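A.B. asks: One structure, as structure tokens, below. Some questions next.
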Amino acid sequence: MTLYETELGKKYMVTEIRVSNNIKRRIYDIGLVDGSHVVPLFKSFLGEPTAYFIRGAVVALRREEAEKIFVEPIERGGKYHG
């Protein structure tokens, strides 16, 4: 599943990142690497960008970027309340 397809408030782990080299540095700089935990928080009124909680920060990603980041759900812990 891609990051864009995730459910708001649930926790996911990044399994693969397939972005182009010019975006890869930005993705890595915000702490989004294989094994990172990410929680989709909310979508803008028009559906993008989506805000994600990543390593203690809230980061907005466009659909184009989120569709190239693959994740799997982390079943433990339920919804994010933080």
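The values are calculated or read from the model by the stated rules, or taken from the named source; none is laboratory data. On a predicted model such as this, the values are computed, not experimentally measured, just so you know. Cβ coordinates were reconstructed from backbone atoms using ideal geometry, including for glycine residues, and neighbour counts include every protein chain displayed. With ligands, DNA and RNA removed, areas are computed over all heavy atoms of the protein, side chains included. Shrake-Rupley method; radii C 1.70, N 1.55, O 1.52, S 1.80 Å.
A.B. asks: Roughly how many percent of the accessible protein surface of the chain is carbon and sulfur, given a 1.4 Å probe and a whole-percent answer?
C.D. replies: With neighbouring chains kept in place, the figure for the chain is 52 percent.
A.B. asks: As a check on your grasp of the helix formula, calculate [θ] at 222 nm for the chain: sum -39500 (n - 2.57) over DSSP H runs of n ≥ 4, divide by the residue count, round to the nearest 500.
C.D. replies: -4000 deg cm²/dmol
A.B. asks: Ignoring the sites themselves, what is the longest stretch of the chain with no GluC sites (Glu not before Pro) in a DSSP loop and at most 13 other beta-carbon atoms within 10 Å?
C.D. replies: My reading of the result: 8-74 is the longest stretch.
A.B. asks: Can you pull out the chymotrypsin sites (Phe, Trp or Tyr not before Pro) in the chain that DSSP calls coil and that have at most 12 other Cβ atoms within 10 Å?
C.D. replies: F45
A.B. asks: Tell me the label-point distance for the pair R62, T15, using the 7 Å Cα-to-Cβ offset, in nm and rounded to one decimal.
C.D. replies: Between R62 and T15, the simple spin-label model gives 2.7 nm.
A.B. asks: Filter the trypsin sites (Lys or Arg not before Pro) in the stretch 9-82 down to the DSSP loop ones having no more than 16 other Cβ atoms within 10 Å, then list what survives.
C.D. replies: R18, R55, R62, R76
A.B. asks: Rolling a 1.4 angstrom probe over the protein heavy atoms, how many square angstrom per residue are accessible across the chain?
C.D. replies: On a per-residue basis, 63 Å².
A.B. asks: Below 8 Å between Cα atoms, with a sequence gap of 6+, how large is the relative contact order for the stretch 1-53 in percent?
C.D. replies: 37 percent
A.B. asks: Testing the spin-label approximation: label points 7 Å from Cα along Cα→Cβ at E7 and E75. State their distance in nm.
C.D. replies: Between E7 and E75, the label points sit 1.3 nm apart.
A.B. asks: Tabulate in residue order the Karplus-calculated ³J(HN,Hα) for the stretch 57-64, using 6.51 cos²θ - 1.76 cosθ + 1.60 with θ = phi - 60°, rounded to whole Hz; enter x for Gly and Pro.
C.D. replies: 10, 9, 10, 9, 10, 6, 4, 4
A.B. asks: I would also like to ask the following. Could you tell me the number of lysine pairs in the chain with C-alpha atoms less than 14 Å from each other, where the two lysines are 8 or more residues apart or belong to different chains?
C.D. replies: For the chain, qualifying lysine pairs total 4.
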